[in-house]
Amino acid sequence: MKKNFILYIFSLLFFTGNILASSTHLSITEVAPGIFVHQGEHHDVDEGYQGDICNIGFIIGKDSVAVIDSGGSLEIGKALKASIRERTSLPIKYVINTHVHLDHIYGNAVFVNKNTKFIGHSELPKAMKLRKELYERLNLEYLNTPIKESIQIPPSIFIKVNESQIFDLGERKIKISAYPSAHTDNDITIEDLKTGTLWAGDLLFVERTPVVDGDIHGIIKVIDQLLSLKINLVIPGHGTPTKKWREAFKKHRNYFITLRDDIKNAISEDQGLQETIESAAQSESNKWELFDVQNPRNVNQVYPQLEWE
């Protein structure tokens, strides 16, 4: 019994040590005072996927640090933690996931600590559980990550739909807000009140074709809501942070309005799904990267929803 316990502790320490070591270096930009972003590459989750396709980063307050999304793998999470430690020794008080998608959550395990709290939408734990087996298969296939290392760390602090909470990092307050079904059914945003910077998660894509994995009407409505904010800078879930955020959100919204209306018209003309995939939102095709990959998926998601309305 004692021997088994010692072996367990040794294994735990060995695994933790592996988590903390990293050979990956992330490019980090300070986009506003105390706000640091690593911009992911525009790749699909396929043979080119390395767990580094979304924007991740951190906010440094006077007393503590908040991590905003942790990347798609332990390796990216380690590199993010190393980037934080290059800039500050302050404790990492919060890790915040903007939503469930695998490129945003699989670095979480690197930050597990008795003093670190994980924050997310109230629907995030359920969404993680539902996608767990799929994500484990994808991580194994594309990242060669063993199942035991595809570790999900769900939130311990929940933000309920249509509610906001304020968290203090030390002379730096952040406002976290949760939304109804839009990009997913578990989207949150993080607003740094000191600089007027909004981390939008995947409620905003810049350059890369937007994704709907939740509700087409909901995402249009949420974008309209976000357009009413008084902020200076937006960090999208994918693409370049921008001060021209209103134009970015309007372009994002226009894609979804075009997609919705084209699918509605196709359904009214008795077009099947495959024909609609080939025609819907094609007027947007030269405005976005990865359009030929993502637009068909969006049609597959939205067509059944609109067909039954």
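The values are calculated or read from the model by the stated rules, or taken from the named source; none is laboratory data. Just so you know, these numbers come straight off a predicted model, no measurement behind them. When we count neighbours, we look across all protein chains shown, and the Cβ atoms used for this are built from the backbone with ideal geometry, even at glycine. Note: areas computed on protein heavy atoms with side chains; ligands, DNA, RNA excluded. Shrake-Rupley method; radii C 1.70, N 1.55, O 1.52, S 1.80 Å.
Conditions tested, residue by residue: (1) of a type in the set (D, E); (2) closer than 18 Å to H38 by Cα; (3) open to solvent by 20 Å² or more (accessible area, probe 1.4 Å).
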{"site": "N186", "(1), (2), (3)": "no, no, no"}
{"site": "D192", "(1), (2), (3)": "yes, yes, no"}
{"site": "G196", "(1), (2), (3)": "no, no, no"}
{"site": "W199", "(1), (2), (3)": "no, yes, no"}
{"site": "E207", "(1), (2), (3)": "yes, yes, yes"}
{"site": "V211", "(1), (2), (3)": "no, no, yes"}
{"site": "D215", "(1), (2), (3)": "yes, no, yes"}
{"site": "V222", "(1), (2), (3)": "no, no, no"}
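If you take the residues of the range 130-158 that are in a helix (DSSP H, G or I) and touching a residue at least 40 places away in the same chain (Cβ under 8 Å), which of them is surrounded by the most Cβ atoms within 10 Å (Cβ to Cβ)? Reasoning before the result, please.
The initial filter retains those residues of the range 130-158 that are in a helix (DSSP H, G or I), namely 130-143, 147-149.
Still in the list and also touching a residue at least 40 places away in the same chain (Cβ under 8 Å): 138-139, 142-143, 149.
Details: L138: 18, N139: 23, Y142: 19, L143: 21, E149: 19.
Once the filter is applied, the top-ranked residue is N139.
Would you check if I59 is within 19 Å of I231 (Cβ to Cβ), in contact (Cβ under 8 Å) with a residue 60 or more places away in the chain and surrounded by 20 or more Cβ atoms within 10 Å (Cβ to Cβ)? Spell out how you get there, then give the answer.
On the way: within 19 Å of I231 (Cβ to Cβ): yes; in contact (Cβ under 8 Å) with a residue 60 or more places away in the chain: yes; surrounded by 20 or more Cβ atoms within 10 Å (Cβ to Cβ): yes.
Spelling it out, I59 is indeed within 19 Å of I231 (Cβ to Cβ), in contact (Cβ under 8 Å) with a residue 60 or more places away in the chain and surrounded by 20 or more Cβ atoms within 10 Å (Cβ to Cβ).
Taking the range 103-114 only, how many residues are closer than 20 Å to N186 by Cβ, assigned to a helix (DSSP H, G or I) and touching a Gly at 6+ places or on another chain (Cβ under 6 Å)? Break it down into steps so the answer makes sense when it comes.
To start, the set of residues in the range 103-114 that are closer than 20 Å to N186 by Cβ comprises 103-109, 111.
Retained after the next criterion (residues that are assigned to a helix (DSSP H, G or I)): 103-105, 108-109, 111.
If we keep only those that are touching a Gly at 6+ places or on another chain (Cβ under 6 Å) as well, we get 103.
Within the range 103-114, residues that are closer than 20 Å to N186 by Cβ, assigned to a helix (DSSP H, G or I) and touching a Gly at 6+ places or on another chain (Cβ under 6 Å) number 1.
Could you tell me whether any residue of the range 133-153 is of a type in the set (D, E), at pLDDT 95 or above and over 26 Å from E47 (Cβ atoms)? Please lay out each step first, then the result.
Going residue by residue through the range 133-153, those that are of a type in the set (D, E) are 133, 136, 141, 149.
If we keep only those that are at pLDDT 95 or above as well, we get 133, 136, 141.
From the residues that got through so far, the ones that are over 26 Å from E47 (Cβ atoms) too are none.
No: the range 133-153 contains no residue that is of a type in the set (D, E), at pLDDT 95 or above and over 26 Å from E47 (Cβ atoms).
Restricting to the range 274-309, give me the number of residues that are open to solvent by 60 Å² or more (accessible area, probe 1.4 Å), part of a helix (DSSP H, G or I) and in contact (Cβ under 8 Å) with a residue 24 or more places away in the chain. Outline the logic, then answer.
Our first condition is that a residue be open to solvent by 60 Å² or more (accessible area, probe 1.4 Å); within the range 274-309, this holds for 274-275, 278, 282-283, 286-287, 289, 292, 297, 300-301, 307-309.
If we keep only those that are part of a helix (DSSP H, G or I) too, we end up with 274-275, 278, 282-283, 286-287, 292, 297, 300-301, 307.
Subsequent filtering for residues that are in contact (Cβ under 8 Å) with a residue 24 or more places away in the chain retains 283, 287, 297, 300-301, 307.
Residues flagged as open to solvent by 60 Å² or more (accessible area, probe 1.4 Å), part of a helix (DSSP H, G or I) and in contact (Cβ under 8 Å) with a residue 24 or more places away in the chain within the range 274-309 amount to 6.
Would you check if there is a residue in the range 163-181 being within 21 Å of Y94 (Cα to Cα), of a type in the set (A, V, I, L, M) and surrounded by fewer than 16 Cβ atoms within 10 Å (Cβ to Cβ)?
yes
It is to be established whether one or more residues within the range 172-188 are out of contact with any Asp or Glu (no Cβ under 8 Å at 6 or more places or on another chain), at pLDDT 95 or above and closer than 18 Å to K251 by Cα.
no
Taking V95 as the residue in question, decide whether it is touching an Asp or Glu at 6+ places or on another chain (Cβ under 9 Å) and in contact (Cβ under 8 Å) with a residue 24 or more places away in the chain.
yes
Is it fair to say V45 is of a type in the set (A, V, I, L, M), open to solvent by 20 Å² or more (accessible area, probe 1.4 Å) and at pLDDT below 95? Break it down stepwise before answering.
Values: of a type in the set (A, V, I, L, M): yes; open to solvent by 20 Å² or more (accessible area, probe 1.4 Å): yes; at pLDDT below 95: yes.
Spelling it out, V45 is indeed of a type in the set (A, V, I, L, M), open to solvent by 20 Å² or more (accessible area, probe 1.4 Å) and at pLDDT below 95.
Any idea which residue in the range 46-91 is farthest from the chain's Cα centre (by Cα), counting only those that are β-branched (V, I, T) and assigned to a helix (DSSP H, G or I)? Before the answer, list the steps.
Narrowing the range 46-91 to residues β-branched (V, I, T): 53, 56, 59-60, 65, 67-68, 76, 84, 88.
Filter again for assigned to a helix (DSSP H, G or I), leaving 76, 84.
On the way: I76: 14, I84: 19 Å.
Ranking the candidates gives I84 first.
Can you find a residue that is in contact with a Pro (Cβ under 8 Å, 6 or more places away or on another chain), open to solvent by 20 Å² or more (accessible area, probe 1.4 Å) and in contact (Cβ under 8 Å) with a residue 24 or more places away in the chain anywhere in the range 229-245? Quick ask: steps written out before the conclusion?
Going residue by residue through the range 229-245, those that are in contact with a Pro (Cβ under 8 Å, 6 or more places away or on another chain) are 233-235, 242.
Keeping just the survivors that are open to solvent by 20 Å² or more (accessible area, probe 1.4 Å) gives 242.
Filter once more, keeping what is in contact (Cβ under 8 Å) with a residue 24 or more places away in the chain: 242.
Yes, the range 229-245 contains at least one residue that is in contact with a Pro (Cβ under 8 Å, 6 or more places away or on another chain), open to solvent by 20 Å² or more (accessible area, probe 1.4 Å) and in contact (Cβ under 8 Å) with a residue 24 or more places away in the chain.
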